[in-house]
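No lab work stands behind these numbers, since they all come straight from the coordinates. Quantities reported herein were computed from a predicted structural model and do not represent experimental measurements. Backbone-built Cβ (ideal geometry, glycine too); neighbour counts: all protein chains shown.
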Amino acid sequence: LSGYDFSQLPICQAYLQGATLQGVNFAECHFTQSIFSEALGSIFTVAFSPDQKLLATGGMDGQIRLWLVADGTQILAWQAHHDWIRCVAFSHDGQLIASSSNDKTVKIWDSATGDCLKILRGHTDWVWSVKFVFGQRLLVSASSDHTAKLWSINFGICLFTFHEPETLVWSVAFSPDRYTIATGSAASVKLWNIWTNQCFKTLTDNATHIRALCFSPDGKTLVGSDNQIIRTWDVKTGECLQTLKAAPTTAIWSLQFSPDGQKLISSGTDKIQVWNLANNEPLMTLQEPNHRIRSLACSPDQKLIAIGSDDQLVRLWDIPTGQPVRTLQSYRNRIWTIAVHSVSFPEGNRVIIASGSDDSIIRLWDAPTGSCFKTLRGHKGRIRAVAFSPDGQFLASASHDRTIRIWQVRTGDCLKSWRGHTDWVWSVMFFHNNYTVISASDDRTVLIWDTRTNESRLLRDLETEWMWAIAAHPHQKILATASSNQTINLWDISNERCLSTLTGHTSRIRAIAFNPNGQLLASSSDDLTIRLWDVQTQKCLKVFSGHTGEIRSLTFITPPDSRAELLASASDDRTIRLWNIQTGECLRVLTGDGDCPDRTLREPIWSVYYSPELNKLLSCGEDETIELWDIETGECIQTLRIPRPYEGTNITGVTGLTEATITTLKALGARERAEEERD
């Protein structure tokens, strides 16, 4: 439909989710019962209102959105947090919504207006879960700071803190008896009395990583998830009654009883299962391939399941039939990864920028012109990493579809597709040559691949820690790995031996990078610090502080004129910082404000990359752009953008759309023009 003129027409019952409408003229159109794409991003949490009329969603963009269940219309949206929303919950009368976030806060909202009524502060790390206490003005929350907290909604204060020493608290559930809460951690399930602040029972049975908990409606049974295992306990005795083996998946993220207590609904990486608790057999299995399911909710009448996932969709399923009812489709095309290399083409060398994004497409951009000249298609999930081979002839890519692909850059052909990981692949790189490739995954493994044989071998199975970053020493066969256990390991790849472990960070490590001569290693962590390490002595030389959000990416900068070596860091705080590695001083903070005239958004930055070929710094992130920065001046000198679905669409004078829908259309590229422009 791109380029059409529909101006001044009445448009009724148009279903435009997923449609590309670039350059369309909708000026002065009146819309009736029409549905457009939404800019949702990954959906981490969904919740039905008690009357089942509304569905609340929250996710990566920090917004809470309210939808009419009957027709999928978005009726309200607001910016609730400045970081990812992990959980939303309705109060039992439906008048309040509680939300918890990576920004360490819990907030209480008026469900009718979206007004913020209370901000509950006290947690010092991500808040994973939040639940209302039935019939009381109380709220309970669970956090990575090793605690659960009981809050007074009326006064906005913490009444009790329940401590889980040395382990994060993933999940929390409130019993219908109104005085018992259950907490799930990396070590156990504990039952607490909220009025005495005492743990009166610990449930283990070899359970670890309890990501989801729920009580049965009568409060007699507690159910918890442990990776692929669902366990049920007798609350009174603490006895493990049964274990249910879920469909193959890495982790079960959500559990919910049906209101009658006869069925249990579970969701994992790519499947939903409805269990008959009378015989412990699954009644049905619903498939959602290639996209991790983050949350589920069962409607009060037991007829609908709502699921939110990383593919930017909210789906409603009919429980009795197992058929999909409705899909709330969004559009968000964040760029997660970039790499730059000089590549030999028949007409001569070209400096190429490779990018990977939400839409499963790898794009090759001509650096001098900023034009996208080739798209590489084949992945079926978000692209998390791209890396050129040393000679620039090949490109490796890693995806949420659990595969690694090898591409020929000049032709765009996919030469190899490897499936060895069982969960998202976060990192991929060539290791010193064109035939050794290393990948790291959410399945807690690092694999070493040989392009000549297509075989892989296991470097490490982390068992309990997520693997988030790898880096290769530029001159030696040393690989650095970093994970959620706050440590960095240095490995000799020739014999797969761990040479040393670097400790010092106090939270998850997000990024690591060697400097060009291999003498230094930089690491960044959710403790909001960057550490500089001497590779030979394994000592921490400096600690850089200044970022106020999680630090996602690092790159060393070595200017060609032999000026001092710098370190660049990119963060969720929407800034890039340039550091003098000799003094530890922050030389410059890049924000982009006013530097790029076409910029309209500032959002978290996912990746930063220094290109010696261009002598420029590149960044990409949530705002769906690639930016090129002048290192000397700190100015953004060029912005590359993937065209959005409503790019250039004219919505001047439209009627029949909610303010929330109009705001979304503008975020996806539509614009309103002045009257004289239309004339």
Convert each backbone phi in region 211-222 into a coupling constant with the Karplus relation 6.51 cos²θ - 1.76 cosθ + 1.60 (shift: θ = phi - 60°), then list the ³J(HN,Hα) values in order as whole Hz, x for Gly and Pro. 7, 9, 9, 7, 8, 5, x, 8, x, 7, 10, 10
Volume per residue, Å³, of the convex hull around the alpha-carbon atoms of region 225-327? 93
Between the alpha carbon centres of region 215-288 and region 372-395 the gap in Å comes to 39
If amide hydrogens are placed 1.01 Å from N in the peptide plane, which non-local residues have theirs closer than 5 Å to the one on Ile75? Leu66, Trp67, Leu68
Quick query: amide H of Ser525 versus all other amide H atoms, modeled in the peptide plane; which residues come in under 5 Å with a sequence gap of 5 or more or a different chain? Arg510, Ile551
Can you tell me the relative contact order of the chain? Whole percent, Cα pairs under 8 Å, sequence separation 6 or more. 8
Between region 627-668 and region 71-100, the alpha-carbon center distance in angstrom: 25
Please work out the Cα convex hull volume for region 334-446 and give it in Å³ per residue. 88
From the phi of every residue in region 141-157, what ³J(HN,Hα) in whole Hz does the Karplus formula 6.51 cos²θ - 1.76 cosθ + 1.60 yield, where θ is phi - 60° and glycine or proline is x? 9, 10, 9, 5, 7, 6, 9, 10, 10, 9, 10, 8, 5, 4, 9, x, 10
With volume of the Cα convex hull per residue in Å³ as the read-out, I listed (i) 165; (ii) 243; (iii) 377; which label goes with the value calculated from this structure? (i)
Sort the following peptides by mean Cβ neighbour count (other Cβ atoms within 10 Å, averaged over residues), highest first: 606-619, 274-287. 606-619, 274-287
Return the sequence-ordered ³J(HN,Hα) values of region 358-363 in whole Hz as given by the Karplus equation 6.51 cos²θ - 1.76 cosθ + 1.60 applied to θ = phi - 60°, using x for Gly and Pro. 4, 7, 6, 10, 9, 10
Size of charge dipole - the chain - debye, nearest 20, with Cβ of Lys, Arg +1 and Asp, Glu -1, no other charges: 1280
The long-range amide H neighbours of Phe394, using H built 1.01 Å from N in the peptide plane and a cut-off of under 5 Å, are Ser389, Val409
Charge-dipole axis of the chain as Lys and Arg at +1 and Asp and Glu at -1 on Cβ define it, positive-most pick from Gln17, Trp449, Ile362: Trp449
Sorted by Cβ neighbour density within 10 Å, fewest at the top, the residues His163, His421, His341: His163, His341, His421
Rounded to the nearest 500, what is the 222 nm mean residue ellipticity of the chain from helices alone, with -39500 (n - 2.57) per DSSP H run of 4+ residues and division by all residues? -500 deg cm²/dmol
What fraction, in whole percent, of alpha-carbon pairs in region 117-328 exceed 33 Å separation? 12
Taking alpha-carbon centroids only, region 331-360 lies from region 141-184 a number of Å equal to 45
Straight-line reach from Lys539: which lysines have a Cα under 29 Å away, not including same-chain ones fewer than 8 places off? Lys477
